[in-house]
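Participant: I'd like to ask you about the structure that follows.
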Amino acid sequence: GIRAAFRDLKPLVDATSGFPENKKWNEREMYSCLQALFLFVAYHVKHGLSDICHRIRVQLILPYAEVDANPWHADDDNRPDLGLAVRWLESNDDVACIPGKADYEDAFAILEAKGERESSRSGSESTLDTATKDAFAQVVDYTRQLYAEQIDRRYAWGLTQCCAKTRACLLVNNGMVATHAMDLRTEDGRRELVRLIVDWSLGEFHQLGFDPSIRRLHDLGCWEIEVPRLRNTGGGDTGGGAAGGDTVLYYFAKSLVRADRLRGRHTRCFAATLVKPTAEVTKDNPLIPQVVIKDAWSYVEHRDGGMDEGHEPREITFHHMIREAPPDKRSHLPQFQNGGAV
């Protein structure tokens with residue numbers, strides 16, 4: 001219950017209890033404190049914001065029960081310290097840890113904890129700085145697997161905990177930015193971290209790092225992706241679509257190419273169809289693909305007209321050339337049907 005969560009949280013935020021000042025913290029003891037922190041905030045989000053749940057979507061940021069464990073769908077043997085997941089708030093749900101260990105297909109963020117504290121030696125790199133760098137490196141490695149397993153991820157959040165100091169980081173396709181240290185032993189530090197967790201709880205889908213143009217259809221066992229229409233030079237439309245307006249809806253069951261690295265264009269490819277399935281997609285009832293969709297971050301165009309990697313994406317130019325070629329020259333070649341920047 002909430003009293004137990006507060007009791008477990010107390011050593012992390014109270015300088016007079018739990019963890020002594022003059023030696024390394026026990027990381028395993030930190031795990032239960034961190035779980036209690038997220039449960040404590042989730043409890044107050046649920047009960048303190050219940051009157052607005054009918055007007056806006058509220059979600060809880062909950063920890064997994066198993067800590068320091070190799071997640072489901074991992075491609076290595078590494079063990080993140082703590083996984084966090086998003087659960088939509090239901091009035092009858094209990095606020096509790098998610099059973100089992102973290103799952104890279106489901107996790108919202110990874111938290112890495114270190115027990116080292118700052119060194120008092122002047123003129124040299126502090127132990128905390130080294131520990132924080134190590135924690136960031138591990139968060140980056142684990143987040144790579146979030147991108148690989150979650151095809152609707154645009155960017156990701158991560159957390160490091162070095163003794164009582166928390167840092168949040170935002171991982172995007174061209175780098176990572178991190179907050180200053182939020183010291184949980186101070187009122188200001190606790191307020192900042194709680195505010196961040198509450199902001200996540202009230203944030204919209206895309207603010208949590210997910211792509212709102214890709215939606216999982218659980219009852220049909222497939223995904224729906226919203227693709228911008230490609231307008232031809234004469235202003236006409238280039239093909240039909242399920243959504244109308246400026247977008248077309250396609251459906252696919254799995255990713256052919258995964259975004260399995262943190263930096264870069266995060267390219268994903270899907271074999272998709274315009275036909276929405278009427279029954280659950282299974283091995284015996286598969287989707288019949290009509291197109292291959294390539295989903296990737298665009299190159300950044302600079303003011304001087306150049307691209308961030310020095311080259312225009314050549315495959316786009318190539319497909320436009322195919323599309324504009326005479327029919328007898330392109331009948332056996334792939335057609336570029338839709339596309340654009342979201």
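Since every read-out is calculated from the coordinates, none of them should be taken as a lab result. Remember, predicted model here, so these are calculated numbers, not experimental data. For neighbour counting, all protein chains shown are included, and Cβ atoms are generated from backbone atoms with ideal geometry for every residue, glycine included.
Participant: Less than 13 Å Cβ to Cβ from residue 191, Lys/Arg counted +1 and Asp/Glu -1: what total charge do the surrounding residues give?
Facilitator: -2
Participant: Past 22 Å, Cα to Cα, is the threshold; run 101/254; 254/276; 10/101; 10/114; 133/165 against it and keep the listed order.
Facilitator: Result: 101/254; 10/101 exceed 22 Å.
Participant: Let me ask something else about it. Which of the trypsin sites (Lys or Arg not before Pro) found in the range 252-294 are loop residues per DSSP with 14 or fewer other Cβ atoms within 10 Å of their Cβ?
Facilitator: Hits after loop and neighbour filter: 261, 263, 283.
Participant: Moving on to the next point. Students often check this: by mean Cβ neighbours within 10 Å, which of 96-109, 206-219, 134-147 ranks highest, and how do the rest follow?
Facilitator: By packing density, highest mean first, the sequence is 134-147, 96-109, 206-219.
Participant: Using a Förster distance of 35 Å, how high is the FRET efficiency between residue 191 and residue 141, based on the Cβ-Cβ distance and rounded to 0.05?
Facilitator: With a Förster radius of 35 Å, E is 0.70.
Participant: Continuing with the same structure: Count charges around residue 207 for me, please; just the other residues with Cβ under 11 Å from its Cβ, Lys/Arg as +1, Asp/Glu as -1.
Facilitator: Local charge sum for residue 207: -1.
Participant: Counting only other residues whose beta carbon sits under 9 Å from that of residue 145, what net charge do I get with K and R as +1, D and E as -1?
Facilitator: Result for the local shell: -4.
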